[in-house]
Amino acid sequence: MLRILTAGESHGEALVGILEGMPAGVKIDNDFVNKELQRRQEGYGRGDRMKIEKDTARILSGLIKGVTIGSPLSILIENKDFSMDKLPDIKNPRPGHADLAGILKYGFDNARPVLERASARESAARVAIGAVAKLLLSEFNMRILSHVVMIGGVEAHTASLSFDEIEKNLSDSRLNCADRASEKLMIEEIDNAREKKDTLGGIFEVIVEGVPAGLGSYVQYDRRLDAEIARVIMSIPAVKAVEIGNGCESARKLGSKVHDEILYSKSKGMYRKTNNAGGIEGGMSNGEDIIARGYMKPISTLMKGLNTVDIDTKEAVKSATERSDICSVPAAGVIGEAMVAFVLGNVLLEKFGGDNISDIKKNYEAYLRRLKV
């Protein structure tokens, strides 16, 4: 199965990601990996750091002639802004960030060592690894995307759109939003927040098409697919809540209005007309699109600062300000794609096994034939 390890600091020399468990025989398109890294840096409301870093990935191991060989992949992303040793100590921790809890936990005398690793900059390594996981999923005709469904209270109206329609509408979007009318209002909210030296959060949605029924399991709590997806989305910096399908809305309704009734046809097999469950029932994929949402709080670095306490003097001061975004919900969605792709790649390999992609495909195709009986 797949395992991820990342290392590196925000203003350190580089970020490193290690992906273990990739089967042999998967062709890796490095241009695709770099395009995913670029997507993470885009979006209206990003800060000046995105103008400095032009992230590119160097895959240092695990490939021969661009094809995986079954050994761990190591990925290097160098930081152009390598300045950690020269940056000042931070004595005024930011509310909402890891600063104070990290100082207390590790016994630091300032927040610099905390924010360097707790920074969302780490997620670049995960996006690169997630791009590799996406290439694995594409071998099984699974597609994945993310889009912004809310920023600053402005909601996008996309519930009636298909996967293909959403993907088409995202072309040239400044906020990775499939509803251009709502996107315009979101941009206005971001501009207003910038003028006030404030920040905005929002909601992103990840959709995966082509997932067969039966990935994940109900037999143990830690093998449930929805639990694994919730865990990795919650690991994204600033995400404070996760929703699978229409989970929040479903809590307010009768069961007869929530559960997706089961139908059958010879051409489709078992299928549903609705997908309130978000493609997961009983901890397993049910054959419908997997839909998960991440709820992102406003970024905790505000240019006007918030009330805090100086670590040394214990006097009231304003919180530290570093380069920061006004809003990074679109980027969080790209990270969400990467993490969901990793989880699905993991449960795919768990179910179908094999050290070579051709062996896994044979097992997968045999399983699909059984499902159609």
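The values are calculated or read from the model by the stated rules, or taken from the named source; none is laboratory data. Predicted model only: the values in this text are computed from it and were never measured. We place every Cβ from the backbone using ideal geometry, glycine too, and count neighbours over all the protein chains shown.
Can you work out which of the residues in region 177-203 that are farther than 20 Å from Gly96 by Cα and hydrophobic (A, V, I, L, M, F, W, C) is surrounded by the most Cβ atoms within 10 Å (Cβ to Cβ)? My answer is Cys177.
Scanning region 285-333 for residues that are over 23 Å from Leu170 (Cα atoms), among the hydrophobic types (A, V, I, L, M, F, W, C), in contact with a helix residue (DSSP H, G or I) (Cβ under 9 Å, 6 or more places away or on another chain) and in a loop (DSSP other than H, G, I, E, B) yields Ile299, Met303, Ile311, Ala320. Here the condition is being modelled with pLDDT under 95, crowded, with 16+ Cβ neighbours inside 10 Å and of a type in the set (S, T, N, Q); of Ser83, Ser123, Ser119, Ser138, it holds for Ser119 alone. When region 1-22 is limited to residues that are more than 29 Å from Val114 (Cβ to Cβ) and surrounded by fewer than 22 Cβ atoms within 10 Å (Cβ to Cβ), the one that is modelled with the highest pLDDT turns out to be Gly21.
Here Leu170 fulfils each of the conditions (1) under 20 Å from Arg40 (Cβ atoms); (2) in contact with a helix residue (DSSP H, G or I) (Cβ under 8 Å, 6 or more places away or on another chain) apart from (2). Taking first residues from region 39-62 that are closer than 15 Å to Ser324 by Cα and partners that are polar (S, T, N, Q) and modelled with pLDDT under 80, the Cβ contacts under 7 Å between residues at least 6 apart in sequence or on separate chains come to Gly47/Ser324. Picking from residues in region 84-139 that are hydroxyl-bearing (Ser, Thr, Tyr) and in a helix (DSSP H, G or I), the one that is farthest from the chain's Cα centre (by Cα) is Tyr106.
The residue pairs whose first member lies in region 315-327 and is under 22 Å from Gly202 (Cα atoms), whose second member is surrounded by fewer than 21 Cβ atoms within 10 Å (Cβ to Cβ) and of a type outside the set (Gly, Ala, Ser), and whose beta carbons are closer than 6 Å, counting only pairs six or more residues apart or on different chains, are Thr321/Met303; Arg323/Asp48; Arg323/Arg49; Asp325/Arg46; Ile326/Arg194. If you go through region 149-189 and keep only what is among the small types (Gly, Ala, Ser) and under 20 Å from the mean Cα position of the chain (by Cα), you end up with Gly152, Ala156, Ser171, Ser173, Ala178.
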